[in-house]
Amino acid sequence: MRWSALVSCLVLAACATQQPPAVRSSKPASGEAATDASPAPGAATVLPAGLCGFAAYLSQPCENIPPARFALVLHEGQGVDEQAAAALTRSVAEGSTLGLPVGYPFVVSYDDLPRADGRRGLAVVAGLFTERSHAEAFAARVVGASIVELATVDGGHSPCAGSEDYSKCEASTYTAVQMQRRAPAYAKADLEALEQRLNDLPWVPLGQAFERRRKALEQLTPVCIIEAGAVSITDQDNLYGFSRTYAPARCAEGEAAWVTWNATRLESVVTTTNGRVQTHQVVLVECDSPTLEVRPLGDALDSSRILLAGSCGG
């Protein structure tokens, strides 16, 4: 199916470095962005929060953003079970009280943001930097944080590229699913039935298809509500079970469920341009061409979000 020319819109170019963010005047909900008060010291040297330079499909919003060479890390974990995910969630909640630059902290797997030493695991990131000296200056005000040197990549990073057994590699490659906003989670069987019903409907342009799905989900009973900042861990084989429509997650009681992809921070970057904070997220890939959703950073989706449709040949 061709998606080119389905949606047309204008997007401001992302700035090369994160603009000075605001420091919270009171403790926010986990995952909520800072919005007022004075700039955090040294914030101008912090890169936008996300995988610029490492996620190839983010090349458009990351065009003027250099890849990070160093990460300031609040917490690291080697496990991939529910206990490990709970520890990451707690660290995100704690990091959200530190007055970090907007978009931070965020959780990432070293499979997606590789370390220079090749060590694997998952991390809560408080800042990304091009220079070690910038990371060191910022680390001075974040108690207990450590500096991690990142691998140098060229044109994006794919952990299973060149693997002799791609499926086996994906099954052992892990990704952190961090909730950007509080959202309902659904049973897999319910979503499979819903998607089948949607597929049987007449074709509509991409934006209308997204809206049709949103309205259909309103009629579906969720198995739970997952809070902003909550973290789940999944392998990449499971991650794309619904392409980029839904993402795997877990309810607070441990039940497996799925949330809408755009309720998470998967394949995204948070930028600030002229004081406007936006999330740019890959929400569809066809013919190796991404469609991005651009929306305000926050707990809810609103009418100001836009879709940038990729061009799909054939």
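Here's a check for you: in region 176-230, which residue that is basic (Lys, Arg) and closer than 30 Å to GLY77 by Cβ is nearest to the chain's Cα centre (by Cα)?
Across region 176-230, the extreme among qualifying residues is ARG181.
In region 62-93, how many are surrounded by fewer than 22 Cβ atoms within 10 Å (Cβ to Cβ) and in a loop (DSSP other than H, G, I, E, B)?
Matching residues across region 62-93 total 9.
Here is a list: PRO159, PRO205, PRO184. Which entry is at pLDDT 95 or above and not hydrophobic (A, V, I, L, M, F, W, C)? Break it down into steps so the answer makes sense when it comes.
On the way: PRO159 fails: at pLDDT 95 or above; PRO205 fails: at pLDDT 95 or above.
Just a single option satisfies the conditions, and that option is PRO184.
Within region 195-314, which strands (runs of 3 or more DSSP E) (wholly inside it) include 3 or more residues that are surrounded by 21 or more Cβ atoms within 10 Å (Cβ to Cβ)? Don't jump to the end; show me each part of the working.
Working: elements: 224-226, 231-235, 241-244, 246-250, 256-260, 268-273, 276-286, 289-296, 306-308.
Because the criterion is at least 3 residues that are surrounded by 21 or more Cβ atoms within 10 Å (Cβ to Cβ), the strands (runs of 3 or more DSSP E) in region 195-314 that meet it are 231-235, 246-250, 256-260, 268-273, 276-286, 289-296.
Are any of the residues in region 23-43 at pLDDT 55 or above, within 16 Å of the chain's Cα centre (by Cα), within 13 Å of VAL270 (Cα to Cα) and in a loop (DSSP other than H, G, I, E, B)?
We begin by selecting, within region 23-43, every residue at pLDDT 55 or above; these are 43.
When the remaining residues are screened for being within 16 Å of the chain's Cα centre (by Cα), the result is none.
There is no residue in region 23-43 that is at pLDDT 55 or above, within 16 Å of the chain's Cα centre (by Cα), within 13 Å of VAL270 (Cα to Cα) and in a loop (DSSP other than H, G, I, E, B).
Among the residues of region 113-120, is there at least one that is modelled with pLDDT of 90 or more, surrounded by fewer than 21 Cβ atoms within 10 Å (Cβ to Cβ) and touching a His at 6+ places or on another chain (Cβ under 9 Å)? Walk me through it before giving the result.
First, pick out the residues of region 113-120 that are modelled with pLDDT of 90 or more: 113-120.
Keeping just the survivors that are surrounded by fewer than 21 Cβ atoms within 10 Å (Cβ to Cβ) gives 114-120.
Checking which are touching a His at 6+ places or on another chain (Cβ under 9 Å) leaves us with 114.
Within region 113-120 (the criterion being modelled with pLDDT of 90 or more, surrounded by fewer than 21 Cβ atoms within 10 Å (Cβ to Cβ) and touching a His at 6+ places or on another chain (Cβ under 9 Å)), the answer is yes, since at least one residue qualifies.
Output the residues belonging to region 66-93 that are more than 21 Å from PHE129 (Cβ to Cβ) and among the acidic types (Asp, Glu).
Here is the first cut: in region 66-93, the residues more than 21 Å from PHE129 (Cβ to Cβ) are 77-90, 93.
Result: ASP81, GLU82.
The values are calculated or read from the model by the stated rules, or taken from the named source; none is laboratory data. Keep in mind the model is a prediction, meaning the values are calculated, not measured. Here Cβ is always computed from backbone atoms with ideal geometry, including for glycine, and neighbour counts include all displayed protein chains.
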